Structures are given as structure tokens and as C-alpha cells.
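The values are calculated or read from the model by the stated rules, or taken from the named source; none is laboratory data. Quantities reported herein were computed from a predicted structural model and do not represent experimental measurements. Neighbour counts run over all protein chains shown; Cβ positions are idealised from the backbone, glycine included. To get the accessible areas, we keep the full protein, side chains included, count just its heavy atoms, and leave off ligands, DNA and RNA. Shrake-Rupley method; radii C 1.70, N 1.55, O 1.52, S 1.80 Å.
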Amino acid sequence: MDYLKIQNVASLEGTINISGAKNASLPLIAMSILAKNSVHIKNLPHVVDIRTLLKLLSNLGATCEFFQDRVVVDTSNLSKTKATYDIVKTMRASILVLGPILSRFGHCEVSLPGGCAIGQRPIDLHLKALEQMGAKIDIKAGYIEATTPNGLHGCDIIFDKVTVTGTANIVMAAALAKGVTTITNAAREPEVVQLCEVLHASGVTIKGIGTAILEIHGTDGELLTIEEFCVIPDRIEAGTYLCAGAITRSELTLKNVEPKHLGAVLSKLEEMGSRFTITDDTITIHPSKNIKPVKIVTQEYPAFPTDMQAQFMALATQAEGVSIIEERLFENRFMHVSELQRMGADITLNGNTATVNGKSDLYGTDVMATDLRASSALVLAALVADKETNIHRIYHLDRGYDSLEKKLHLVGAKIQRLKE
Ligand code: EPZ
């Protein structure tokens, strides 16, 4: 297994190119199941989760061809409809194939994804909505067995909670369903918006895109012709590198980024003292020498994203004063706390609220990554920790960050990927 060796740096300097969004890419790849043509997807990030989902589609009979600037996915010969445990256990977002496969073929088996480090992460809302659309759902031996005896039909769905992949799954199921589906309390994340925009451009009339109420007019089984599209920039990758600039007091420029998707993140960084120069597709951070403490509550988009919580906790350890971070979406998304504490951070937990007493002088040591975003928080802490930090189990990091060590090395970080 690989690990990252990171040494303290005085500062970083230069420009970081932001990759395509992992969490937009996953539903967009699953969406190719709804197409009659080969789907050309540009700007997919080179991360493990994308390769995993493409492998899953290949196992079902799709073909995936890789070119320098795109991946071409052809599902016209897709013949199998069972997503097996061996793949689903490595990536819970495999559940995103359920809606499209069921809508296209009328039957689908998907291994239950199981929990993950950050929480139980049930999929009850996905299944309840599909049943309302006419699916028969059984859970047998760890698998979801779904059939639609009379095809999926549109209906009015109200999500008890905002669910990102739940919204994506139902939008894709509704795309081929008979009639109109409304989703109330839909997720408004940019990644869901892009999925809706691409489907709408492919002939599925969708009203309310970007709002909490979506109206999807299904094609009644007619497969789609999906034109080539480019995945939106990864706002969480971008936010992570902005935190790298803030924590090392370095002026960094991010390019190929969508500033409109980072409102809450930029606002919190400004509260902590940073200023920004922003153009259509770049952000330059002008960090403050003294980082101010902050109060953060994670909520659904456009509020502060849970996927940035761990990174801001690392940053808050360098703030002069007490920061409060409340995690409202997942019940166990503080796995990074114990590792940050081992580096010298002064953090106390009370249920889903962390109190970070800054400023702590962090010292380098061996730490262990536990989940994707926790891993990036440890990288940020390591950049300012005294001496040297070794971050182990970075397969977590590789799931969602494209070439992180290369991108940081290019702006002056002392970071190496080594073998255990
Ligand atoms: C998506 O996960 C993202 N993953 C996550 O990013 C992100 O943290 C999360 O949305 C919240 O923004 C992808 O897009 C692939 P949810 P998802 O369904 O869709 C509860 C990362 O770091 N819930 O919006 O699985 C659930 O337990 C990953 O890139 C139900 O109760 O999250 C949670 O408390 C981590 N029943 C809340 O809703 C359901 O059926 C939000 O979950 C579904 C969800």
C-alpha cells in the first residue's frame, strides 16, 4: 500500500488545475445506461471511484473506451442487470445504476451498499420512491431485487430528507418512465443540476432544474440520444486547495474552477481572514497571516458542504481562538479528529459538534486516513506540522482526488508517494 510523506513548508506558490467533479461524473456515467448512442464524456477525473463505476458498467456488458480528452461509454450491448457485491462494496455510489437499469430493462439486482466510515448511509428513500413509481422491491441475501411488472410510471415524490444520489437515481428512473414525475425536496447540488441539464438537452423535459421541486417528463421507454458533454469542475477539490492556501498562508490560483459553486466555502474562508480575486474560471486566494476562528454548520447545497467539514477543521486548528463545527448530515464524520489530535490539535467532541481550540502547533507523526475527506484534512495539517508526517491508507484519498501529490508538488509542497 502507498503512503504520503509530507514535510513542513514555509509556503506554496503557483497555479493548480482543478479536475472534473467526481460526484458529477458518477451519475453522468450511470446516465449512459439510458442512451441509445455512445456517450462522450469529457473532463472525467482520474480517480478510483470513476474507474470502479466504469468497470461495473463493463461487467454489465457496456464498452468504455478511453481517449486523451474523453471517455466514450456505449451501453447498447448492455445485457446484464446485476451489480454484484464485489464492486458495490468498494463504492456505495454504485447504487446510482439502480434507477437507470430498472427504468430501461424492468429489472435490476444491486448489492446493498452497506455502511461506510462516515455513517450508516441508508438508501431507504431511493427504494421508497422507486416503489411509488411502480417498482416491486425485495431484499434478498444482501441484494436489492427490483422489478417493474408494468413499467415505471411518473408520480409525485416527496423526499423526507434531501438526498443527492437519491435525487439523481429518481431523476434517471423518471427519464424513461411513463408520464410525469415530480420530486419535492430534491437535492440542488451542482452535480445534480448538471445531470438534469444533460438529460434535458437529450430530450427529457425537466422543469425546476436547480430548485427543490423537479418535474421530469418521461419518454415512456424511448432511449435517449445524449450529446457529448464536459463534467463540471470539482468544487470540493477546489475548496480543499483553497484551504491549502489558507493554512500555509500562500497565494494560490485555481484554474478551471466554477466560483459560483463555492459561495458558502468562499464566505467562510473570508470570515477566517482570506480575500479572493475571482474571474469566470479562476480563483486566487490572498490569505491572512492571522487566521480567525469560525462557526460552521454543514447542510445541503447551497449551504456549507459536509464534504468540506474535515478540511476546515484542519484549518481551524491554526486559527487564533475557538471554532465550532457542527456536522448535521452524517453521524460519524469526525474520524479525522483523533488523527488531528495525535498531531497536537486541541479538539473536543460533543455529539455532532466539534470545538477546535486554536492555535495549535502541530507536529508531524504517522497518521492514518479513514475516509476520503478526512484524508485531505490530514494532508492540510501535514503541510504546516513541524517536521515530517506520514499519511497511511491513502487509498481513501485516491478515490476522489486526481493526482493530489503531483498538484501540490507543482506549487512547492514537499510531498512524496512511497510504498509501505
Ligand atoms: C452524496 O452522498 C455525495 N456522494 C457525498 O460525497 C456527500 O457527502 C453527500 O452526498 C452529501 O452532500 C456522491 O455524490 C457520490 P445523501 P449521498 O443521500 O447521496 C440520509 C464525498 O466525499 N439518507 O445526500 O450518499 C443520509 O444518511 C462523498 O465525495 C437517508 O436517510 O448522500 C445522510 O444523512 C461522501 N436515506 C443524508 O440523507 C436515503 O435513502 C444525506 O445523504 C438517502 C440518504
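Restricting the search to the range 76-99, which residues are open to solvent by 50 Å² or more (accessible area, probe 1.4 Å), within 16 Å of the ligand (Cβ to nearest atom) and closer than 22 Å to Ile170 by Cα? Of everything in the range 76-99, just one residue is open to solvent by 50 Å² or more (accessible area, probe 1.4 Å), within 16 Å of the ligand (Cβ to nearest atom) and closer than 22 Å to Ile170 by Cα, namely Lys89.
Hey, any hits in the range 55-75 for a residue that's in contact with a Cys (Cβ under 9 Å, 6 or more places away or on another chain), open to solvent by 10 Å² or more (accessible area, probe 1.4 Å) and assigned to a helix (DSSP H, G or I)? Yes, some residue in the range 55-75 is in contact with a Cys (Cβ under 9 Å, 6 or more places away or on another chain), open to solvent by 10 Å² or more (accessible area, probe 1.4 Å) and assigned to a helix (DSSP H, G or I). With a requirement of 1 or more residues that are small (Gly, Ala, Ser), buried (at least 23 other Cβ atoms within 10 Å of the Cβ) and more than 12 Å from the ligand (Cβ to nearest atom), the strands (runs of 3 or more DSSP E) lying completely within the range 126-184 that satisfy it span 143-147.
Inside the range 105-117, residues that are open to solvent by less than 10 Å² (accessible area, probe 1.4 Å) and either within 13 Å of the ligand (Cβ to nearest atom) or part of a loop (DSSP other than H, G, I, E, B) (or both) make up a count of 0. Being of a type in the set (Asp, Glu) and under 22 Å from the mean Cα position of the chain (by Cα) is a description that does not apply to Asp138.
For every residue, the table says whether it meets (1) in contact (Cβ under 8 Å) with a residue 40 or more places away in the chain; (2) loosely packed, with under 15 Cβ neighbours inside 10 Å; (3) away from the ligand (no atom under 16 Å from the Cβ).
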{"position": "Thr15", "(1), (2), (3)": "yes, yes, yes"}
{"position": "Ser25", "(1), (2), (3)": "yes, no, no"}
{"position": "Asn43", "(1), (2), (3)": "yes, no, yes"}
{"position": "Val47", "(1), (2), (3)": "yes, no, no"}
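Of the residues making up the range 303-312, those that are within 12 Å of the ligand (Cβ to nearest atom) and over 17 Å from Arg121 (Cβ atoms) are Ala303, Phe304, Met308, Gln311. Taking the stated definitions as given, is Leu102 open to solvent by less than 20 Å² (accessible area, probe 1.4 Å), part of a loop (DSSP other than H, G, I, E, B) and away from the ligand (no atom under 15 Å from the Cβ)? Answer is no for this residue.
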